[in-house]
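See below for the structure under consideration.
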Amino acid sequence: MSKLKLVLFVPLALLLLEACVTGRSSSELIKLRLDMSKDQVLTALGEPSAARGSIRNKYDQVIEVWEYQLRKPEEDNDMYMHNAKYPYWLYFCNGKLVQWGAAGDWRREVDKIYEMRFR
């Protein structure tokens, strides 16, 4: 490969590599809507980084948690935080999206959720 081609190719390759490494931004969460199916979420956001867990609760509902590693929008142009990613969790109940947010957003809320029984 000639030196001229190499000089042009290397910066272009580095730019493409940076685009792949930095990934998606949390601003893409705007595409989400409650009651979306898992297939619709896959179309909107692509493959999750991880499947955090799944359980069948006592009401026979299947609860699943997917994780996406996303950049926060305010850090999109911050050169020091450019590659920092944060986990966002999507909660599905019986295959439908019921909740999403940064991992741990609802930790304090768990104590406020009470099971209601009607007799």
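The values are calculated or read from the model by the stated rules, or taken from the named source; none is laboratory data. Bear in mind the structure is a predicted one, so any value in this text is a computation, not a measurement. Cβ atoms come from the backbone with ideal geometry, glycine included; neighbour counts cover every protein chain shown.
Values for this structure:
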{"quantity": "Residue 70 being surrounded by 15 or more Cβ atoms within 10 Å (Cβ to Cβ) and modelled with pLDDT of 95 or more", "calculated": "no"}
{"quantity": "Residue in the range 38-49 that is of a type in the set (Asp, Glu), at pLDDT 55 or above and surrounded by 15 or more Cβ atoms within 10 Å (Cβ to Cβ) present", "calculated": "no"}
{"quantity": "Selection status of residue 35, more than 22 Å from residue 86 (Cβ to Cβ), assigned to a helix (DSSP H, G or I) and either free of Cβ contacts under 8 Å to residues at least 40 places away in the same chain or acidic (Asp, Glu) (or both)", "calculated": "no"}
{"quantity": "Odd one out for residue 15 among (1) within 17 Å of the chain's Cα centre (by Cα); (2) modelled with pLDDT under 55", "calculated": "(1)"}
